[in-house]
Amino acid sequence: MNKSFRKHIACLAISGALVLPAFAQTQDPAITYSNGKVLLQQQRNDQAMAELRPLIGTNSAYAPEASYFYALAALKSGKANEAYEMLLQLQNQHPKWGGMAEADYLLANVLFEQNEFERAMSKLQELQGTKLAQDAENLKRYYLTRLNDRPKYEQLMRRYGSDKVVAQIYADKLIGGWYKPEDRKMLESLVQEFKLDRNRYLSKEALNRQAIDIALLLPFQLNQNYATTARKSQFITDMYAGMKLAQDSLQQLGINVNLYSYDTGADTASVKRVLETPEVQSMDLIIGPVYKSAARVAARYAAKNNINIVNPLSQDLEMAAGNDNVFLFESSAATQARQAATYAFQNFAPKSAIILYENTPADSAFAIQYRNQFQQLGGKIKVFKKIKPKEATATAAAFRDLKLEGTGHMAVFSDKMIAAMNATSLLQGKAPELPLITYDSWLDINQITLQQLDYLQVYFISPKYVNKLSPVSKSFTEKYVSKYNLPPSQYAYAGYEMIFYFGQMLHQYGPQFNGQLASAGLHPGVFYSGIGYSAPTQGNQAQPDNQYVPLLKLENLELTVVNPIF
């Protein structure tokens with residue numbers, strides 16, 4: 001999907017009112033059209049298609065856009081053929097529609113999904129010189145990197161070999177595993193014609209690369225008593241299990257990844273010894289260590305030796321500060337706060353907020369980041385107040401004394417039951433339509449029912465969200481249970497996503513993938529709603545942590561991502 005569509009959708013203010021199906025609405029085309037877009041933004045794609053369908057083929061001014069959004073909903077729900085037919089109908093019935101470039105882009109996306117690569121490429125060529133040219137390049141790169149059928153790719157090379165993106169990705173695939181001695185002449189020609197990095201593509205190391213080597217510096221605690229450490233180290237065991245399954249999945253794509261495990265805890269001396277070994281110094285990537293003191297040692301090693309390191313669990317942005325070789329796999333707390341504030345500013349009106357936060361360093365820092373971002377965007381903070389949930393009476397008074405009139409939304413940053421109960425009680429009694437942003441940990445507070453949270457307009461910041469009901473998650477669970485005889489934890493999902501994402505980055509761009517992270521953009525993970533290290537406000541500069549933060553809302557007791565990437 002493209003940037004302009006994402007901006008279009010991001011600007012839709014969700015009122016929280018119940019959206020009725022078309023037959024139950026007044027037959028006002030504007031209402032039907034608006035409802036369809038809201039349903040699409042909420043990822044209720046089949047309902048969006050049903051809502052928009054009556055507008056299609058009519059003389060309504062909304063007919064062209066309804067057709068476009070219908071096709072988009074069809075694509076998002078896996079109905080590429082239906083999306084294709086609708087886009088052809090749109091082109092035939094409304095050839096002079098002002099958004100036809102958007103429709104062409106979407107049609108290219110549909111053709112890629114149908115494995116019609118040559119037709120998709122031809123359609124993208126029509127967008128050269130338009131405002132969607134860069135989006136077209138990104139879409140092309142996204143699908144070509146995932147095309148692992150060599151004969152089919154070489155067929156594309158014969159027709160589109162003069163396209164730098166097509167040629168460079170082919171060169172990446174050659175050194176990533178396709179290379180044979182007879183390919184040397186072709187590779188040299190590509191390097192010369194497109195001015196590619198000779199060292200990256202023609203060095204002895206690049207041409208002899210048979211597999212990607214990743215070192216895992218994790219606290220397995222193998223030298224300690226298993227009975228006493230099994231529970232403590234279970235999260236590492238789960239993460240490693242997920243990594244191994246990702247290794248299998250990558251191999252099926254033709255990407256060979258070797259995982260080398262090293263048992264490293266908080267002991268900095270042992271970490272130093274591991275880092276000094278010749279085999280670690282030849283790795284393509286290091287994941288870990290986990291603990292802060294050991295991670296700092298590894299960060300200095302990364303900078304000195306120009307090798308990239310991924311911290312698998314930290315949300316502390318300082319762990320990567322000033323070091324271009326260190327990345328956090330998770331979104332930092334600062335990024336979570338800023339992204340949530342941005343969503344609130346774009347979607348809630350008026351642009352004013354009430355912020356309450358617990359008196360802990362973490363919650364205070366989160367609230368400050370949120371406030372600063374909201375104000376920077378042009379929002380107004382009506383109340384910014386610290387609470388102490390341990391003091392129940394004072395906390396209740398802080399909520400009771402709030403003046404909600406003229407407020408666009410409220411944000412509460414505390415995972416304590418007393419704060420959650422006071423906030424929900426206040427809104428239930430005085431302003432059930434007022435949006436509330438908070439942590440997803442509230443979903444686990446037993447004193448508040450899901451029905452209560454569904455009734456209110458509560459938005460949950462959920463950086464580790466995985467839809468366990470999706471087909472791919474169910475399939476993963478079956479494989480995981482079959483192999484390990486227990487269900488996957490959040491760490492198993494994280495381990496899988498980590499190896500799958502960085503394995504592909506290494507395959508496409510080599511060990512020095514830093515410069516490619518920003519241009520790679522944000523994309524859905526296998527289980528995660530999104531992964532990526534580019535921030536719109538930072539131009540082409542890669543960020544050290546995952547920039548996508550899912551925001552959830554209950555709809556009919558089901559969690560829905562309200563800020564999807566596509």
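Every residue, every condition in (1) at negative phi; (2) out of contact with any Phe, Trp or Tyr (no Cβ under 6 Å at 6 or more places or on another chain); (3) open to solvent by 30 Å² or more (accessible area, probe 1.4 Å); (4) modelled with pLDDT under 75, yes or no:
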position: L174; (1), (2), (3), (4): yes, yes, no, no
position: W178; (1), (2), (3), (4): yes, yes, yes, no
position: E188; (1), (2), (3), (4): yes, yes, yes, no
position: A211; (1), (2), (3), (4): yes, yes, no, no
position: L216; (1), (2), (3), (4): yes, yes, no, no
position: N225; (1), (2), (3), (4): yes, yes, yes, yes
Counted residues, segment 458-475 - those being open to solvent by less than 10 Å² (accessible area, probe 1.4 Å) and in contact with a helix residue (DSSP H, G or I) (Cβ under 7 Å, 6 or more places away or on another chain):
3
What pairs come up if the first residue lies in segment 443-468 and is over 23 Å from S332 (Cβ atoms) and hydroxyl-bearing (S, T, Y), the second is part of a loop (DSSP other than H, G, I, E, B) and open to solvent by 20 Å² or more (accessible area, probe 1.4 Å), and their beta carbons are under 7 Å apart, counting only those six or more places apart or on different chains?
Y455/P432
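Return the only residue of L436, L426, L517, L443 being within 30 Å of N305 (Cα to Cα) and touching a strand residue (DSSP E or B) at 6+ places or on another chain (Cβ under 9 Å). Break it down into steps so the answer makes sense when it comes.
Working: L436 fails: within 30 Å of N305 (Cα to Cα); L426 fails: within 30 Å of N305 (Cα to Cα); L443 fails: within 30 Å of N305 (Cα to Cα).
Going through L436, L426, L517, L443 in turn, the sole match is L517.
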Could you tell me whether segment 272-282 includes any residue that is at pLDDT 90 or above, in a helix (DSSP H, G or I) and under 24 Å from M505 (Cβ atoms)?
yes
Looking at segment 80-98, is at least one residue touching a residue at least 12 places away in the same chain (Cβ under 8 Å), over 21 Å from L111 (Cα atoms) and part of a helix (DSSP H, G or I)?
no
Would you confirm whether any residue within segment 299-319 is buried (at least 20 other Cβ atoms within 10 Å of the Cβ), β-branched (V, I, T) and in a helix (DSSP H, G or I)?
no
In segment 110-159, anything farther than 23 Å from L88 by Cβ, open to solvent by less than 40 Å² (accessible area, probe 1.4 Å) and either in contact (Cβ under 8 Å) with a residue 24 or more places away in the chain or not in a helix (DSSP H, G or I) (or both) is listed as L144, T145, L147, L156
Only one of (1) outside any helix (DSSP H, G or I); (2) surrounded by 17 or more Cβ atoms within 10 Å (Cβ to Cβ) is not met by P64, so which one is it?
(1)
Quick count over segment 190-202, residues being open to solvent by 90 Å² or more (accessible area, probe 1.4 Å), closer than 22 Å to Y160 by Cβ and either in contact (Cβ under 8 Å) with a residue 40 or more places away in the chain or in a helix (DSSP H, G or I) (or both), is 2
Is there any pair with a first residue in segment 539-561 that is farther than 17 Å from A340 by Cβ and a second that is open to solvent by less than 30 Å² (accessible area, probe 1.4 Å) and of a type in the set (S, T, Y) whose Cβ atoms are under 7 Å apart and which are 6 or more apart or on different chains, and what are they?
A542/Y533; A542/S534
Over segment 550-566, the set of residues open to solvent by less than 10 Å² (accessible area, probe 1.4 Å) and modelled with pLDDT under 90 is none
Out of segment 490-525, which residues are within 19 Å of L250 (Cα to Cα), open to solvent by 30 Å² or more (accessible area, probe 1.4 Å) and at pLDDT below 95?
P511, H523, P524
Tally of residues being buried (at least 17 other Cβ atoms within 10 Å of the Cβ), modelled with pLDDT under 85 and over 28 Å from the mean Cα position of the chain (by Cα) across segment 1-59
1
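The values are calculated or read from the model by the stated rules, or taken from the named source; none is laboratory data. Note that the structure is a prediction, hence the values are computed from the model and not measured. Neighbour counts run over all protein chains shown; Cβ positions are idealised from the backbone, glycine included. Heads up: the accessible areas ignore ligands, DNA and RNA and are worked out on the full protein's heavy atoms, side chains in. Shrake-Rupley method; radii C 1.70, N 1.55, O 1.52, S 1.80 Å.
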